[in-house]
Amino acid sequence: MSERLLDPSVLASIGRLDLIARTVVEGFLIGLHKSPYRGLSQEFAEHRPYIFGDEIRRVDWRVFARTDRLYVKEFEEETNAPVRLLLDVSASLLYAPRKVTKLEYARYLAAALAYLATRQNDRVGLICFSDEVHERLPARGGERHLLSLLAALERQSAEGETRISATLLREAAHWKRRGLVILISDLYDEPQDVVGAVARLRRVGHDMIVFHLLDSAEKRLDQHGLYEFHDLETGERLMTDADRVRKAYVERIKELRSFYRHEFERAGADYAELDTAEPLDKALAVYLRRRKQK
């Protein structure tokens, strides 16, 4: 039952992204023998100034009475390094060999990760990008921020070309604190540049998880006979015999996947290849494992 709750085609029928995120996370927890939320520390760590969007219930009114200023309480797990979601929304994510597009799958995954991180009292940020940044939300905690993040995900449409390296390096230059960076993309960019950017973020102390979205149809090249291939990002079209090029194509995709796996591992980044027809539990398990290492 829990696996069915995580199936992308079932999730698509739910509609609302907040309900999808909750369904994915709760379904994932049903499948765990031991919930990762048991025994979470709630020890007080420090005060910090109130920021618009913080939950009112976290305001320390005793401090307000003394200082006439609003401060909120932070707890031990809230002082963890922030989680930053970088979501590729380039036009290639319009690919949809079945009911759910890559973009929809990526959106479900990002929403579930944000929901899970928020439940763990982590601060979560979001950057949606292609060849430019379409949306940027700073890393914050709380239910209100989560709803803002989910609304931003709902607004996204797939357009533009993929520019992973430049986006990663430009955004990281403005981060004042090291944290966990989660890249969700089909990685249709220059492989050496992508690997180089991830390695640079690792060298300066950021943790990295790369979720590589590839539908099984992309890996097998299911088409037969004369077929017109369409590049969703550039608009380029190519007519060719799918049966004649299949062997070379499949080998090239296999080499690319192997390259990414080897190079990310060498850089110290987690790499998980996700089939957009399969449940999302693998991605959530990778996330939890990485957080437990911190």
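Bear in mind these aren't lab numbers, they're just calculated from the coordinates by the rules spelled out. Remember, it's a predicted structure, so these values are computed and weren't measured experimentally. Using ideal geometry, Cβ is built from the backbone for each residue, glycine included, and neighbour counts are taken over all protein chains shown.
List every residue whose amide H lies under 5 Å from the amide H of Gly141, counting only residues 5 or more places away in sequence or on a different chain, with H placed 1.01 Å from N in the peptide plane.
Val124
log₁₀ I(q)/I(0) of the chain at q = 0.09 Å⁻¹, via Debye over equal Cα point scatterers, no solvent, to two decimals?
-0.46
Output the DSSP H helices from the chain with an along-axis C-alpha extent of no less than 15 Å and a mean Kyte-Doolittle hydropathy no less than 0.5. Can you show the working numbers first?
Details: long enough: 17-30 (19 Å, 1.49); 102-119 (26 Å, 0.28); 143-155 (18 Å, 0.20); 191-203 (18 Å, -0.19); 242-267 (37 Å, -1.20); 281-292 (17 Å, -0.89).
Qualifying helices, which must be both long enough and hydrophobic enough, are 17-30.
With just the Cα atoms defining each centre, how far is segment 85-103 from segment 244-294? Give it in Å.
16 Å
Within straight cross-link reach of Lys176, meaning Cα distance under 16 Å, which aspartates and glutamates are found once same-chain residues fewer than 8 apart are removed?
By straight Cα distance, Lys176 reaches Asp207.
Divide by every residue of the chain the summed helix terms, -39500 (n - 2.57) for each DSSP H run of at least 4, and state the resulting mean residue ellipticity at 222 nm, rounded to the nearest 500 deg cm²/dmol. All intermediate terms of the calculation are to be shown ahead of the outcome.
On the way: 11 runs with 126 residues, N = 294.
-13000 deg cm²/dmol, from helical runs alone.
Considering the options Leu232, Leu274, Val250, tell which one lies farthest towards the positive end of the dipole of segment 80-292, charges being +1 on Lys and Arg and -1 on Asp and Glu at the Cβ, about the Cα centre.
Final value for the positive-end residue is Leu274.
Could you tell me the ratio Rg/Rh of segment 144-294? Both radii from Cα atoms, Rh via Kirkwood. Present the calculation step by step, with values, prior to reporting the outcome.
Values: Rg = 17.4 Å, Rh = 17.5 Å.
Expressed as Rg/Rh, it is 1.00.
Given labels modelled 7 Å from the Cα in the Cβ direction, how far is it in nm from Arg136 to Thr67?
2.9 nm
Arranged from highest to lowest average of other beta-carbon atoms within 10 Å per residue, in what order do the peptides 117-127, 90-100, 245-255 appear?
Details: 117-127: 21.8, 90-100: 19.0, 245-255: 12.6.
Taking the mean over residues of other Cβ atoms within 10 Å, the ranking is 117-127, 90-100, 245-255.
Which trypsin sites (Lys or Arg not before Pro) in segment 147-195 sit in a loop by DSSP (not H, G, I, E or B) and have at most 16 other Cβ atoms within 10 Å of their own Cβ? All intermediate terms of the calculation are to be shown ahead of the outcome.
Details: sites: Arg155, Arg163, Arg170, Lys176, Arg177, Arg178; in loops: Arg163, Lys176, Arg177, Arg178.
In loop regions of segment 147-195 (DSSP not H, G, I, E or B), the sparsely surrounded trypsin sites (Lys or Arg not before Pro) are Lys176, Arg177, Arg178.
Determine which aspartates and glutamates satisfy two conditions relative to Lys99: a Cα distance under 17 Å, and not lying fewer than 8 residues away in the same chain.
Within the straight-line limit of under 17 Å, Lys99 reaches these aspartates and glutamates: Asp7, Asp215, Glu218, Asp222, Asp275, Glu278.
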